[in-house]
Amino acid sequence: MVMSYLPSCFFGALLFVTFFGNLYPGVALAGVTRHYMFNIRLKNVTRLCGTKSIIAVNGKFPGPRVLAREGDRVVIKVVNRVSNNITIHWHGIRQLQSGWADGPAYITQCPIQTGQSYVYNFTITGQRGTLWYHAHISWIRATLYGPIIILPKHNESYPFVKPYKEVPIMFGEWWKANTETVINQAIQTGAGPNSSDTFTINGLPGPSLNCSANETYSLKVKPGKTYLLRLINAALNDELFFKITNHTFTIVDADASYVKPFETDTIFIAPGQTHNVLLKTKNLTSNTKFLMAARPYSTAAAGTFDNTTVIGLLEYHVDNITSNSSINTLPVPPLPPINATTYIANWTNQQRSLGNSKFPANVPQTIQRRFFFTVGLGTNPCPKNQTCQGPTNATKFLASVNNISFIMPTTALLQAYYFRRGNGVYTTDFPNNPLIQFNYTGTPPNNTQVTNGTKLVVLPFNTTVELVLQGTSILGAENHPFHLHGYNFYAVGQGSGNFNSTTDPPNFNLVDPVERNTVGVPSGGWVAIRFRADNPGIWFMHCHIEIHITWGLRMAWLVMDGKLSSQRLLPPPADLPKC
Ligand code: C2O
C-alpha cells in the first residue's frame, strides 16, 4: 500500500473526477485510484416535524456514494469538523494487508479528534456489489453512513441481465432526540435505550405524520425495465422486512458476493447486510403508484423496539397524465408477522453462492481450529451508590460472547500489537468454548452475570477456522446479525435449538454456501461459519445491533503475519491518529 500525502486541495479537485450517467461513464479504467474528500460536519435536517443537527459527510444525508471498480484503490481523506471523535469503517471491504484503514475505534485506530484528519487508503480486491461505510464509534453511525458501489472490473459484466438503472436504497433509523444522549443515558441507567421514532428509506421517514408527507422517498420508474436495487440496512438496532405491493424481486447478490438468483416478494435484511436485487417493472400503460414498506422482525417484547412501518413510493412514469391516487389510499404491502422466525430460517436457507467457475465458492474443506461461541444478553451488578434500571432494577444490561463482555481499550489494539505494547492492553486467552455449559436455548440459568475483559483469539496466518455461534435465551432469545471485519466467511449451516457437534456437521453445505460478512445467529438457534485467516491484523467481530455492541457483544481475532511479504500487515501510515 503506497500512502499519498497530498494537499487537501488536490483531493478537493479530484472529487469531481467521478461522473454518473449512462450507468457510470467516467468509471472506465481498471485498477485506478479514486480520491474522495469527506468533511464531517453538522447539518440541520428537518424530519417528523422537527429540526435536528446531525453529524453528516459533506453536508449530505445519507452520505455521498463511494464508487469504484473491483481492483481500484480508494483514498478517502476524512476531516473531522465536529466536536465528537470520529472514525469510519468501510463495512465489508476485505482490507487485505491494510488493517489500518478498517476503522473501528480503539481496535484498528485511535479516533480522529476534532480538527484532525486521517486518510483511509485501501484496494478493493475480489469483491463487487454493494457495501457501505459508517462511523464506528459510539452511536455516531445513526446519521453518518453511505453506500459503497463496487462495479465489476472494466470489460466484465454482471452474471445477470444488464440493469436499465441502479438505485441505492438505504434503510435507516431516526430518533427525534440526539442519539448520543440516548445511548449515554442507557449506559448510565443500565436499561435498554429509548426506541427510535421512525425508520427511514434513503433518509426519509415517509408520511407517518401529516407534517412528514413530503419526506417520502419515491423511486420513479419506467415500465418494462429491470432496475438493480442496492439494498443496505444501516439501521442501528433493527432487522427489517421490505416489500413493494404487487412486485417481486430477484436476489442476485449478498454482501458483495454473487448468489444463485432466487425470487421473493419479501426481503429480510439485518443491520450490516446488503443485497443487490433486480426489480422488473410491469408493462403498465398509465401512470401508477405502489407503496413500498419496511418494518422490523423482532422476538423482543412489544414496547422495547420501534415497531413503526416506513413507507415509500414506487411511481411509474408512463405518460403526462398525473396519477391522482393519494398515498393514503394505496394499500400497504402485507409483511410477515413481527416475530416470523420461520420466515427468516427459510429465507436464509434459500441463499447459495453463485459458485460457478468464474466465482467459485472456496469453502475451507479441512479445518485446523474449531470454536464454539455463545452469544446473548447478560448483566453486571449495579455499581454501589448508583441506581440501575436493568433487569430486576439491581443490574445493568450487558451482552457477551462466551460470557465475556468485551471492554474497549483506551488505545488501539492494532497499534499496541504492532509496536509490541500489548501488555496491559489485551490478553490472548479468549476461550474456544463457553467455560460453563448449560442448555443454551432452554430455561436460562438464574445467574445472568457476565465477566468483563479485552481478550483476543490468536490465529497463525492461513489457519482454517470453523466457528459455531450459538444464541442463548438469557434475558430473551433474539436474532444476532454477526459481522466479521477483514473477511468474508461461508455460512455452512444453521439450525434451531442447541448445536449438536455429532449430528449437525454432516448436514453442512460445503459446496455452495452463501458468502457474507454479516450473518444472523437465529433467535434460539445457531449458525456455523468457515473462513481462512489469510489477512493479517486485528479484526473485530460483533453483533451489528448497535445496543448489543455497546453492551459488549464483541471480540477480536489477532491474525499473525505469514512468511511472504504479501502476507504481512504493512506499516501504519504516518497520519494514523493518536489516542
Ligand atoms: Cu458495520 Cu464493526 O461494523
Interchain or long-range residues, amide H under 5 Å from Glu239's placed H: Tyr297
Choose one of Ile267, Pro409, Gly552: the residue whose Cα lies farthest towards the positive end of the charge dipole of the chain (beta-carbon charges +1 Lys, Arg; -1 Asp, Glu; about the Cα centre). Pro409
Using a Förster distance of 56 Å, how high is the FRET efficiency between Asn356 and Thr392, based on the Cβ-Cβ distance and rounded to 0.05? 0.55
Would you mind checking which residues have amide H under 5 Å from Leu456's amide H? H placed 1.01 Å from N; only 5 or more apart, or other chain. Thr427, Thr428, Asp429, Phe430
Please give every one of the aspartates and glutamates within straight-line cross-link reach of Lys563, meaning a C-alpha to C-alpha distance under 17 Å, and leave out same-chain neighbours fewer than 8 residues apart. Asp534
Of the beta bridges DSSP finds with both residues in the chain, what % are antiparallel, to the nearest 5? 75
Once R0 is set to 41 Å, what does the formula 1/(1 + (r/R0)^6) return for the Cβ-Cβ distance between Met408 and Val32, expressed as a FRET efficiency to the nearest 0.05? 0.65
Lys77: which lysines have alpha carbons under 20 Å from its alpha carbon, excluding same-chain residues fewer than 8 sequence positions away? Lys43, Lys60, Lys578
Karplus-derived 3J(HN,Hα) from phi for segment 386-396 (6.51 cos²θ - 1.76 cosθ + 1.60, θ = phi - 60°), whole Hz, x at Gly and Pro, runs 10, 10, 10, 10, x, x, 6, 6, 10, 9, 10
Taking only the alpha-carbon atoms of the chain, the convex hull volume per residue, in cubic angstrom, is 154
Using alpha-carbon pairs under 8 Å, 6+ residues apart, how would you state the relative contact order of the chain in percent? 14
Portion, in percent, of the accessible area of segment 239-326 that falls on carbon or sulfur, probe 1.4 Å: 50
Taking the solvent-accessible surface of protein heavy atoms with a 1.4 Å probe, what is the per residue accessible area of segment 290-370 in Å²? 54
Among Asn287, Gln95, Thr245, the residue whose Cα sits farthest towards the positive end of the charge dipole of the chain (+1 at Cβ of Lys and Arg, -1 at Cβ of Asp and Glu, taken about the Cα centre) is Gln95
Give the cross-link partners of Lys455 among the aspartates and glutamates, using a straight C-alpha distance below 14 Å as the criterion and excluding same-chain residues fewer than 8 apart. Asp429
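For segment 369-567, which whole percent of the accessible surface, found with a 1.4 angstrom probe, sits on carbon and sulfur atoms?
Details: 3860 of 7780 Å².
Carbon plus sulfur share of accessible area: 50 percent.
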If each part is reduced to its alpha-carbon centroid, segment 160-225 and segment 313-348 end up apart, in Å, by 16
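To the nearest 500 deg cm²/dmol, what mean residue ellipticity at 222 nm is calculated for the chain from DSSP H runs of n ≥ 4 alone, each contributing -39,500 (n - 2.57), summed and divided by the residues? Can you show the working numbers first?
Numbers: 5 runs with 38 residues, N = 579.
So the calculated ellipticity at 222 nm is -1500 deg cm²/dmol.
Only Lys, Arg, Asp and Glu count, each charged at its Cβ (+1, +1, -1, -1), so figure out the dipole size of the chain about its Cα centre, rounded to 20 debye. Don't skip to the answer; put the middle values down first.
Details: 44 positive and 28 negative charges, 216 e Å.
Its charge dipole is roughly 1040 debye.
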Scan of the chain for trypsin sites (Lys or Arg not before Pro) in DSSP loops with at most 15 other beta-carbon atoms within 10 Å gives a longest site-free stretch of 422-562
Quick one: which residues, 5 or more positions from Thr33 or on another chain, have an amide H under 5 Å from its amide H? H modelled 1.01 Å from N in the peptide plane, none for Pro or chain starts. Arg73
Full extension from Lys282 to Ile436: what is 0.36 nm times the residue separation minus their Cα-Cα distance, to one decimal in nm? 49.8 nm
May I ask you to compute the full-extension gain from Ser218 to Asn385, defined as 0.36 nm times their residue separation minus their alpha-carbon distance, rounded to one decimal in nm? 54.9 nm
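Using a 1.4 Å probe, what is the accessible area per residue for segment 424-464, in Å²? Provide the component values of the computation, followed by the final result.
Details: 2310 Å² over 41 residues.
Each residue of segment 424-464 exposes 56 Å² on average to a 1.4 Å probe.
Once fully extended, how much extra length lies between Glu263 and Thr443, figured as 0.36 nm per residue of separation less the alpha-carbon to alpha-carbon distance? Don't jump to the answer; show the numbers that get you there.
Details: separation 180, 0.36 × 180 = 64.80 nm, distance 3.78 nm.
Net length gain for the segment: 61.0 nm.
The values are calculated or read from the model by the stated rules, or taken from the named source; none is laboratory data. Treat the numbers as computed from the prediction; the structure is a model and nothing was measured. Note that we place each Cβ from the backbone using ideal geometry, even for glycine, and neighbour counts take in every protein chain shown. The area values use the complete protein model at the heavy-atom level, side chains included, leaving out ligands, DNA and RNA. Shrake-Rupley method; radii C 1.70, N 1.55, O 1.52, S 1.80 Å.
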